[in-house]
Amino acid sequence: MQDIITIDGPAGSGKSTVAKILAKRLGYTYLDTGAMYRAVALLVKEKGISLDDRSALKKICESIDIRFIQDEDEQKILLEDRDISKDIRTSEIDLLSSAVSAIKEVRDAMTALQRKIAQKGKIVAEGRDMGTVVFPNARIKFFLTASFETRAMRRYTERKDKGEDVSLEKIKEELAKRDAQDQSRSLAPLKPAKDAIIIDTTDMNIEEVVDKMLYFYRQKEVINEKV
């Protein structure tokens, strides 16, 4: 069993915020796998690569230099020594990363890289196929969800807080499109692992979600000690 905690779920379910806090509480390393696909999407956009050009996509994935740097309470994502933390958090990159992640050549390369990063253990891996594909032998798996309205409002608030001029209707449109892409792709579609603990965060705040996950984590620890 790998000393890894996986957190999967759709956009707006709260998994990124929760994963960061959980990792800090447990002294684990936070692995933001979504940022890795966003980095690939950013490169695809900047280099003007067609999603049909599988050879070019495979080439950039095999040579991509992504690093995570912990700066106080924030994690920075570096692409070849360039801080792309803000560049990859746009609605355009959000949708493009979903399309990119559905391509086998990209998925295979990123899965291999994620497993390499996690070899040292003590990882909280957050994404969309962590428990189902990347780390099927993880110590404990979580799947976070929430109502569509709640997820849309969270995204809307997040974007408004960043100073973006965006409407709630636009957010709902983007979220529905992202959900459809993630759930319908043939390669690693978004779904809970069979042994995942599903938590509906609709009526929960961040601390309540983290506390619930810590409870299940500690219960798992007790069970493992008895085995």
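The values are calculated or read from the model by the stated rules, or taken from the named source; none is laboratory data. The shown structure was predicted, so the numbers you read here are calculated from the model rather than taken from an experiment. Here the Cβ positions follow ideal geometry from the backbone for every residue, glycine too, while neighbour counts run over all protein chains shown.
Within the stretch 1-17, residues that are of a type in the set (D, E, K, R) sit with their Cβ atoms under 9 Å from residues that are surrounded by fewer than 20 Cβ atoms within 10 Å (Cβ to Cβ) and in a strand (DSSP E or B), at 6+ positions apart or across chains, in these pairs: D3/R139.
Scanning the stretch 174-206 for residues that are loosely packed, with under 13 Cβ neighbours inside 10 Å and either among the aromatic types (F, W, Y) or farther than 14 Å from P10 by Cα (or both) yields S186, K194, D195, D203, N205.
Annotation note: Cβ proximity below 7 Å between a residue of the stretch 132-151 that is closer than 13 Å to K194 by Cα and a residue that is surrounded by fewer than 23 Cβ atoms within 10 Å (Cβ to Cβ) and among the charged types (D, E, K, R) (sequence gap 6+ or interchain) occurs for T132/K191; I140/K220; K141/D195.
Taking into account only those residues within the stretch 64-78 that are among the charged types (D, E, K, R) and part of a strand (DSSP E or B), which is nearest to E105 (Cα to Cα)? Selected residue: R67. Taken as a whole, the condition of being among the β-branched types (V, I, T), assigned to a helix (DSSP H, G or I) and surrounded by 17 or more Cβ atoms within 10 Å (Cβ to Cβ) applies to I171.
For every residue, the table says whether it meets (1) surrounded by fewer than 24 Cβ atoms within 10 Å (Cβ to Cβ); (2) at pLDDT below 95; (3) of a type in the set (A, V, I, L, M).
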position: K116; (1), (2), (3): yes, yes, no
position: A125; (1), (2), (3): no, no, yes
position: R128; (1), (2), (3): no, yes, no
position: V133; (1), (2), (3): yes, yes, yes
position: R139; (1), (2), (3): yes, yes, no
position: T150; (1), (2), (3): yes, no, no
